């Protein structure tokens, strides 16, 4: 069997893999990316957070993203019944980017990986990892190409950026329960035909079911008159609805009057899809010679669009650790990578929990929320979950409990 060698092998050419490849190439480190699909390919997670832009810029991919013509995004809007509130991410507590984009992931992911290739990363499409051995001095990865030919790669370091495929967690038995209920997301893309002036296309719109506060919808407008549309609920709730995924989605949209009016002229031209049990966790985000990036390690929930931001943050932290290790430094992967990454994830998790418990919804719709509090919340919604100078990041659960008492007063 043919055996090759490379500095860093990355499994997966999605956002975390592309940005990691770009960051490593900027340091002169050799990179090989194995991707099981052919790009462009469909993916969800289309509403970016402004914090993401710093990592795109750091990886040298900003110009390509800006010139791709994606839908400009400056905030998020929340709707329940006749209540409406929105957050402008430019008006936030934390310094940094306040705007970003809403993207068709097929094209966005393709833009990023093509930039990584331009920077010198080798990318092999339709190549699949079949086994991994991390027992020796260096990781050894077994793979097959599109024709089914088998080969091995020895690498100085291995990054798993395989997303929901979760290659290393499966092969190395790293998976653990997420702690979240089993939820499903049903989603599609539609030609929305929303009349101009009736909808702020610069913001993602989160609509809440009028009867069930833990059932919510996303509407993510794109620059071409289309939008991503989805509903999230516990799997048992969606089982109540008859028909295929499209029938269930259309029935649920019909139950939210404001959303139904918004999409009354929409052309539903793309089959709906469903993902169930997407939340995931692992025992460890790293091991000898390897680390897990983004969704390969942990995925919370789509409600705050945190997935790509966490993916980019993990790529930035991991590549910094790799560069230091390759330079001969001793790296504390637990503190410098895992703990740092998990601190921000834990912040997002606190707000996901508060969302489904209804506490966060009470807060954002409260008529007397102060401007300072809204700016701190805006920062978290914009992705700045690692800015511990923000009290709502440093101690999210206690702050949310205090605000819940305030809202109830």
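Quick one: which strands (runs of 3 or more DSSP E) sit completely within the stretch 140-209 and have at least 2 residues that are surrounded by fewer than 16 Cβ atoms within 10 Å (Cβ to Cβ), touching a strand residue (DSSP E or B) at 6+ places or on another chain (Cβ under 7 Å) and in contact (Cβ under 8 Å) with a residue 40 or more places away in the chain?
150-160
Table: residues versus (1) at pLDDT below 95; (2) assigned to a loop (DSSP other than H, G, I, E, B); (3) under 19 Å from residue 309 (Cβ atoms).
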site	(1), (2), (3)
4	yes, no, no
34	no, no, no
42	yes, yes, no
63	no, no, no
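Of all residues being in contact with a helix residue (DSSP H, G or I) (Cβ under 8 Å, 6 or more places away or on another chain) and surrounded by fewer than 16 Cβ atoms within 10 Å (Cβ to Cβ) in the stretch 255-272, which is nearest to residue 82 (Cα to Cα)? Just the residue, please.
260
Give, as residue ranges, the helices (runs of 4 or more DSSP H) completely inside the stretch 308-409 that count at least 2 residues that are in contact with a strand residue (DSSP E or B) (Cβ under 6 Å, 6 or more places away or on another chain) and surrounded by 18 or more Cβ atoms within 10 Å (Cβ to Cβ).
Once the helices (runs of 4 or more DSSP H) in the stretch 308-409 are filtered for at least 2 residues that are in contact with a strand residue (DSSP E or B) (Cβ under 6 Å, 6 or more places away or on another chain) and surrounded by 18 or more Cβ atoms within 10 Å (Cβ to Cβ), what remains is 371-381.
Taking the conditions exactly as written (surrounded by fewer than 17 Cβ atoms within 10 Å (Cβ to Cβ), touching a residue at least 40 places away in the same chain (Cβ under 8 Å) and not assigned by TED's automatic domain parsing to the domain that holds residue 363), does residue 106 satisfy them or not?
yes
I'm told residue 242 meets every condition in (1) buried (at least 17 other Cβ atoms within 10 Å of the Cβ); (2) not in a strand (DSSP E or B) except one. Can you identify the failing condition by its number?
(1)
The values are calculated or read from the model by the stated rules, or taken from the named source; none is laboratory data. For clarity, every value in this text was computed on a predicted model and none was experimentally measured. Glycine gets a Cβ as well: all are built from the backbone with ideal geometry, and neighbour counts include every protein chain shown.
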